[in-house]
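The block underneath contains the structure these notes are about, expressed in structure tokens.
FYI, it's all coordinate maths here, none of it is from the lab. Since the model is a prediction, treat every value here as computed from it, not as a measurement. A quick note on method: Cβ atoms are made from the backbone with ideal geometry, for glycine too, and the neighbour counts reach across all protein chains shown.
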Amino acid sequence: MAGPSLTALACSALLVLAGCQSQPPAPQGISSTFTGNTPTAQQAAMQPESGSGYTRKPGWATQTYAVAAANPLATAAGDQVLKSGGSAVDAAIAVQLVLTLVEPQSSGLGGGAFLMHFDGKTVEAYDGRETAPREADGRLFIGADGKPMPFQQAVVGGRSVGTPGLLKMLEQVHQAHGKLPWAALFAPAINLSERGFPVSQRLHTLIETDPSLRSDPVAARYFYGADGHALPVGTILRNPELTQTLRQIAAGGSKVFYQGEIAQAMVDKVRNHPTNPGRLSLADLSAYQPKKRTPLCADYSANSKPYLICGFPPPSSGMLAIGQILGILGNTDAALQPPQATAQGVVPSANWLHLYSEAARLAFADRAAYIGDPDFVQAPGGDWRSLLAPGYLLERSRLIGPQRMPAATAGQPAPLRVGYAPMPPQPEYGTSHISIIDKDGNAVAMTTTIEAAFGSRQMVKGFMLNNELTDFSFTPTDASGQPIANSVQPGKRPRSSMSPTLVFDRNSGQLLASVGSPGGAAIIHYTAKTLYGMLNWGLNAQHAIDLPNFGASETGLPVEAGRFPPATLATLRQRGHDVKEQEMTSGLQAIERTGTGYFGGADPRREGVVMGD
């Protein structure tokens, strides 16, 4: 008897949320006292999605639980699931399904995700990353002229579409940690897609400025008016095809998506593209399996406090790069370089930014040389933790001097059975992040993606298909024939920068924070910035997110335009850095434990909010 009554209770509550409100209620909480255009190819690695404004967020205090997501309607869905007795995993599923509808440029059913989970005792890592079709090979993105295809040409169409992994992974984690019935979690998204939701300023901006979305007739009919322009802000947008898709999956589970009518529609869309067909097959879809991986955790000390930072292992490069950056900085005098209070707000100093940039360049050199799908690529010395060994990070830190090093190259943390060539730089794109902590202390950090804004620009059954295969190296070897770790192979998962992160007190094991961001390769910098601000500088989650964005690359030091004093930028240039001011549109979400409950922050550069009780 408990099952049916619980189902009725959950569905009733969720229907109220999705069916009776076009906008969610204003988030409850306290305020803190913190006193464009489409990117060019050169900017793409640091600017995956166009900006759509900067709106100060107060930060939100809660007592028993908190949910942070990239859109208020999605956050509200997760909040209602938690109010109905659902777990953090239940809430994450409801949030993701609504994001498929209201944030179609960033994530959805046609993509994949990495999910970190903590149940009060054990940290787990669930891999729902897309895979290369069995017909794919290392020459997938080599053109008829024998050269790598132009990036945008490779993205748009069927060629870039990998086997979606999101739904099977969510079903797997729900079976392990869900409390509410699977079908109940679909109610908010089903009702919003059926009744409609108002087009936000951000969605309107991204639709209007996207150069390729109109090329798909289905997407063109859905996103644009008769005049060819994006639907105006406030337009009530309904998605009846997605409504039907969600109803089928709610009733039949993920197998409805991976087999039958929906699967056939995806395959037809990919393989029948008129100019750039892909290789996805029904066999790829039916054979897809999510993976439960061993989390990658690293000790970290800040202000004499011991922490354990846990993130996703390969095929994600996120935790390895963040762990290396923080570890290398710990061997410098970065701790003696506090942030500065300026007219632009609290900003890192020039000295600290120099150290960060050099540490990050070293980490990214290792990333380019070593990291790929662990089912295909051997870790140095057979253990990815070799890249985080204290002795190795000390050795790497000694390469940092007062001036920018001419070139950052990969180190050798341990002997390799196979030598890999560095992967050439190429753009990486979109994504969304969800952080949740429920009333029982269970936590989720999930970063979810279809890769570029609007993925492959192919819409089917109400959702966008990913372009995840362009996260692979376009060339399988270097000029001398040495293999690249992140080359395309059948069934392989492309390297990722997604960095869903959980932070613990090293001594007590108590969960302290859930953090993550979208942003392509810059996810690593955005997440590292926020962690450093919270752990080293004592900033709360919102203030750490608010810090100006920055990155590091071999071609320059990108910094968020208008956020740094001229003197800081001048000092960096004197040290040899080619400073490049540009938009850097992160989408950070973070929840931290406080003495009275939780405090959550959401990125002022996007639409996200935090809700809780």
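Computed values, structure above
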quantity: At q = 0.12, 0.24 Å⁻¹, base-10 log of I(q)/I(0) for region 234-341 (Debye sum, equal scatterers on each alpha carbon); calculated: -0.75, -1.25
quantity: Ordering of 436-444, 191-199 by burial proxy (mean other Cβ atoms within 10 Å per residue, highest first); calculated: 436-444, 191-199
quantity: Read-out Rg/Rh (Cα atoms, Kirkwood Rh), derived from the coordinates shown; its label in (1) 0.97; (2) 0.94; (3) 0.99; calculated: (2)
quantity: Relative exposure of 475, 409, judged by other C-beta atoms within 10 Å (fewest first); calculated: 409, 475
quantity: Phi to ³J(HN,Hα) by Karplus 6.51 cos²θ - 1.76 cosθ + 1.60 over region 599-613, Hz, x for Gly, Pro; calculated: 9, x, x, 9, 5, x, 8, 9, 9, x, 9, 10, 10, x, 9
quantity: Region 465-586: C-alpha gyration tensor shape, a/c 1.5 cut-off, then a/b vs b/c; calculated: oblate
quantity: Helix-only mean residue ellipticity at 222 nm for the chain, each DSSP H run of n ≥ 4 adding -39500 (n - 2.57), per residue, nearest 500; calculated: -9500 deg cm²/dmol
quantity: Overall form of region 139-182 per C-alpha gyration tensor (a/c, 1.5; a/b vs b/c); calculated: prolate
quantity: Ranked packing of 324-330, 164-170, most packed first, by mean Cβ within 10 Å; calculated: 164-170, 324-330
quantity: Rounded Å value of the spacing that divides the Cα centres of region 475-546 and region 580-594; calculated: 12
quantity: Estimated FRET transfer efficiency (residue 305, residue 376; beta-carbon r; R0 30 Å; 0.05); calculated: 0.20
quantity: For region 119-177 versus region 241-290, the gap between their alpha-carbon centres in whole angstrom; calculated: 14
quantity: Hits among lysines - C-alpha to C-alpha of residue 492 under 24 Å, sequence gap 8 or more where chains match; calculated: 147, 168, 255, 269, 291, 292
quantity: Order of 395, 451 under a 10 Å beta carbon neighbour criterion, fewest first; calculated: 395, 451
quantity: Under 15 Å from the Cα of residue 83 - aspartates and glutamates, other chains or at least 8 residues apart; calculated: 438, 440, 613
quantity: Calculated from backbone phi, Karplus (6.51, -1.76, 1.60) coupling profile of region 549-560 in Hz, x at Gly/Pro; calculated: 7, 7, x, 6, 7, 6, 9, x, 10, x, 9, 5
quantity: Order by protection proxy (mean Cβ within 10 Å, highest first), peptides 526-538, 260-272; calculated: 526-538, 260-272
